[in-house]
Amino acid sequence: MTHPSVSVCFPAYNEEKTVSSVLQNAYEILKNNRLDFEIIVCDDASKDATGAIIDQFSENKPEVQVIHHPVNKGIRDTFEELNQAAQKDYVFLNSTDGQWKTESLIQMLPMTREWDVIIASRIKKPYGFKRLFISWFFNFLPKFFFGVNTFDAGAVKLMKREIIEKYPLISTTPFSEAERLIRAAKAGYRVTEYPVEVEFRKTGKSTAVKWSVLRLTLLDVIKVWLDVNFQKR
């Protein structure tokens, strides 16, 4: 079976303990499966040796593109820059903290024959109660306001790149992850999930789970709802 080409994208911020092994593992998997691929890594102004490790990894690898931010832009803007930099048919946006394994991409690629977006939903989320509630809340909002099941919107995704090109985001909070899924589903793209086991986060600290984010998220929900229902895009 011939698989579509894929851009494998990695955001990185202070991940010096894991970034080398994650990137090397991904590169070997992609090579061994003879895929048409590119790897794009964005260092979001890390304060440790992450940037230097990424540069070293990319040496003599024409398939690898490295982006360095002079100042920290945050995960939302870093995700979007990686999405926009991708050039292959599908985009697989992973992480460099070791939670998701690139092996799941190989299992998800055959599903692109029937699906346009495949979400690597977590079978069990390694979170405390606060983070579990916020994760539930973020996935409840699309169902309640838009009638769209985003499954596990904050998870790794394999997405047809044309969706990224067609539907620019207006959300400025983590709701942006759900927004594109909502727009894709409303436009008739086929969205599904592929449940996977994930590891506990080994390094770094998530900044997307503060209670203060919820108020801004609700504002984004309203903006997207108005845009989806009343604006012609």
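Coordinate-derived values only; no laboratory data. Being a predicted model, the structure only gives us computed values, none of them experimental. Here the Cβ is made from the backbone with ideal geometry for all residues, glycine too, and neighbour counts use every protein chain on show.
Answer with a single label: of (1) 40, 38, 37; (2) 50, 44, 34; (3) 50, 41, 32, which was calculated as Cα extents along the principal axes in Å from the structure in view?
(3)
Can you list residues from other chains, or at least 5 along the same chain, whose modelled amide H is less than 5 Å from the amide H of GLU193?
Those lying under 5 Å, H to H, from GLU193 are ILE119.
Could you calculate the FRET efficiency of ASP36 with TRP225 from 1/(1 + (r/R0)^6), where r is the beta carbon distance between them and R0 is 22 Å, rounded to 0.05?
0.05
Compute, for the chain, the length of the dipole vector about the Cα centre, with Cβ point charges of +1 (Lys, Arg) and -1 (Asp, Glu) only. Units Debye, rounded to 20.
Value, rounded to 20: 940 debye.
What spacing in nm lies between the two simple spin-label points modelled at THR192 and PHE144, each 7 Å away from Cα in the Cβ direction?
Distance between the two pseudo-spin positions: 2.9 nm.
Tell me the label-point distance for the pair GLU28, TRP136, using the 7 Å Cα-to-Cβ offset, in nm and rounded to one decimal.
4.0 nm
Could you list, in their original order, any pairs among LYS31/LYS166; LYS73/LYS186; LYS17/LYS88; LYS157/LYS186 whose Cα atoms are separated by more than 20 Å? List each step's numbers first, then the result.
Details: LYS31/LYS166 30 Å; LYS73/LYS186 30 Å; LYS17/LYS88 29 Å; LYS157/LYS186 18 Å.
From LYS31/LYS166; LYS73/LYS186; LYS17/LYS88; LYS157/LYS186, over 20 Å: LYS31/LYS166; LYS73/LYS186; LYS17/LYS88.
Please give the contour-minus-distance gain from ALA85 to GLU162: 0.36 nm per residue of separation, less the Cα-Cα distance, rounded to one decimal in nm. Intermediate results must be reported in sequence, preceding the final value.
Working: separation 77, 0.36 × 77 = 27.72 nm, distance 1.26 nm.
Answer, rounded to one decimal: 26.5 nm.
For the chain, what does the helix formula give at 222 nm: sum of -39500 (n - 2.57) over DSSP H segments with n ≥ 4, over the residue count, nearest 500 deg cm²/dmol?
Values: 8 runs with 95 residues, N = 233.
For the chain, the value works out to -12500 deg cm²/dmol.
Return the long-range amide H neighbours of ILE67 (sequence gap of 5 or more, or a different chain), with a cut-off of under 5 Å between placed amide H atoms.
The list, which skips near neighbours in sequence, is VAL41, CYS42, ASP43.
Once fully extended, how much extra length lies between LEU216 and ALA49, figured as 0.36 nm per residue of separation less the alpha-carbon to alpha-carbon distance? Before the final figure, lay out each step's value.
Working: separation 167, 0.36 × 167 = 60.12 nm, distance 3.27 nm.
Stretched out fully, the LEU216 to ALA49 stretch lengthens by 56.9 nm.
Within 10 Å of each residue's Cβ, count the other Cβ atoms and sort TRP136, TRP100 from fewest upward. Could the numbers behind the result be given before it?
Numbers: TRP136 11, TRP100 22.
If I rank by nearby Cβ atoms, fewest first, I get TRP136, TRP100.
Treating cross-link reach as a plain straight distance, find the aspartates and glutamates whose alpha-carbon is under 15 Å from the alpha-carbon of LYS101, omitting any fewer than eight places away in the same chain.
Result set, ordered by chain and number: GLU28, GLU197, GLU199.
Which length gain, in nm to one decimal place, applies between THR2 and ARG113 when the Cα-Cα distance is subtracted from 0.36 nm times their residue separation?
Details: separation 111, 0.36 × 111 = 39.96 nm, distance 1.01 nm.
Between THR2 and ARG113, full extension yields an extra 38.9 nm.
Just name one of ASN14, LEU169, PHE140: the one whose Cα is farthest towards the positive end of the charge dipole of the stretch 6-230 (beta-carbon charges, Lys/Arg +1, Asp/Glu -1).
Value: PHE140.
Got the relative contact order for the chain handy, in percent, Cα pairs under 8 Å and 6 or more residues apart?
Relative contact order, the chain: 23 percent.
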